[in-house]
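Can you keep this structure in mind? I'll have questions shortly.
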Amino acid sequence: MRARWITIWLSGLLLACPSGDDEGGSTDSGTTTTASTGPAPATDTSTTAGSTGPADGTTGDDGSTGPATGSTGATAGSTGEASSDDGSTGGGAGLGEIMGDCGLIDAMELSSPSPFTFESSIDFRDLGFDYDRLTPEGQQVYDAGNLGGSSLHSEVIAFEVLARCEGAHLLATEGEIVYLDDMGTKTDILVEIDGLVVGVSVTRAVGFPFEDPYTVMQAESLITGKLEDILASTANVAPRDAWVKQILHVIAYADMHAQSIMTAYAGLPPEITADTILLVTVTNGNDAFIY
């Protein structure tokens, strides 16, 4: 009898104790939780590395550093595009280095009834004039010559600036433009910019001796006469070559000359400026061939 109670007591004791399998199950659950956590960092690290890769080709330790670097790259790209769009510098390869307002004349300005002004510069350094560095259409302007005077080189450079900065294409040289009155007032070049036909009148702002002060009065006399000629040639051009508006391209000997031109222009009445675009380009370096 006593032995039976001992047996019953031992059986109850065994039933009351938790089994080893349950503990193993608990451990396995903990391992499973850890395993489910593990892939998350691995996935995050893989994603971060992928984001960082295109930016700089390296994988940073800090996942937030990667996207930031990528953002910096995008910002730099945006800055480059903005510089290209607003044309603050540029002009591509060719004779002389063009700086300033570049790539800003398009259909909006050409179709507007308002006048606009732009300023740029071209630096020939020690090279001077080199026919082989001209654009093919610039060479055509040079080869065709002009209708007299010593302004051929300035007309060639005026075209070069428009071609390299504004994407201008040559439609007709000075002697090829058709007018109602062949003895009437004419312009210098006919080009196409942004799909629109544009007349270009070229003049030089320079005094004699070259280094003498160039006054606002001198500048006013020069551009008033040229702007009046633009109105006259616009009325005289034949329908075949009719332009939407003209550009008065002033080739200026130095910054002083450009400043006087801009000051004089600001004081002119609207009936003289009309809708004409004024582009002033200062020449630097070995520019004696122009003047």
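Write down, largest first, the equivalent ellipsoid semi-axes of segment 90-284 in whole Å, where each equals the square root of 5 times an eigenvalue of the alpha-carbon gyration tensor.
Numbers: eigenvalues 100, 87, 54 Å².
One finds semi-axes of 22, 21, 16 Å for segment 90-284.
Let me ask you something else. For Tyr214, Tyr179, which order do you get if you count the other beta carbons within 10 Å of each Cβ and list the fewest first? Write down the numbers at each step before the final one.
On the way: Tyr214 22, Tyr179 17.
Ascending number of Cβ neighbours within 10 Å: Tyr179, Tyr214.
How far is it, in nm, from the label point at Val244 to the one at His169 when both lie 7 Å from their Cα along the line to the Cβ?
Going by the 7 Å Cα→Cβ label model, 1.5 nm.
For Glu211 and Glu192, compute 0.36 nm times the residue count separating them, minus their Cα-Cα distance, and round to one decimal in nm. All intermediate terms of the calculation are to be shown ahead of the outcome.
On the way: separation 19, 0.36 × 19 = 6.84 nm, distance 3.55 nm.
Extra length from Glu211 to Glu192 when fully extended: 3.3 nm.
For Ile272, Ile251, which order do you get if you count the other beta carbons within 10 Å of each Cβ and list the fewest first?
Taking fewest neighbouring Cβ atoms as first place, the list is Ile272, Ile251.
Sticking with this structure for a sec: Give me the net charge of Ile98's neighbourhood, meaning all other residues with Cβ under 14 Å from the Cβ of Ile98; Lys, Arg count +1, Asp, Glu -1. The partial results should precede the final answer.
On the way: positive: Arg125, Arg133, Arg164; negative: Glu97, Asp101, Glu119, Asp123, Glu160, Glu166, Asp287.
So the surrounding residues net to -4.
Mind sorting Glu271, Glu155, Glu109 by how few other Cβ atoms lie within 10 Å of their own Cβ, fewest first?
On the way: Glu271 9, Glu155 28, Glu109 20.
With the fewest neighbours first, Glu271, Glu155, Glu109 line up as Glu271, Glu109, Glu155.
Amide H of Leu171 versus every other amide H placed in the peptide plane: which residues, excluding those fewer than 5 positions away on the same chain, fall under 5 Å?
Leu190, Val191, Glu192
Continuing with this model, one more query. Search the structure for amide H atoms under 5 Å from the amide H of Val197, placed 1.01 Å from N in the peptide plane, and list their residues when 5 or more places away or on another chain.
Hits under the 5 Å cutoff: Val244.
Turning to a different aspect of this structure: Separation between the Asp132 and Leu180 pseudo-spin-labels, each 7 Å from Cα along Cα→Cβ, expressed in nm?
In this crude spin-label approximation the distance works out to 4.8 nm.
None of the figures in this text is laboratory data; all of them are computed from the coordinates on show. Small disclaimer: the values here were computed from a predicted structure and weren't measured. A quick note on method: Cβ atoms are made from the backbone with ideal geometry, for glycine too, and the neighbour counts reach across all protein chains shown.
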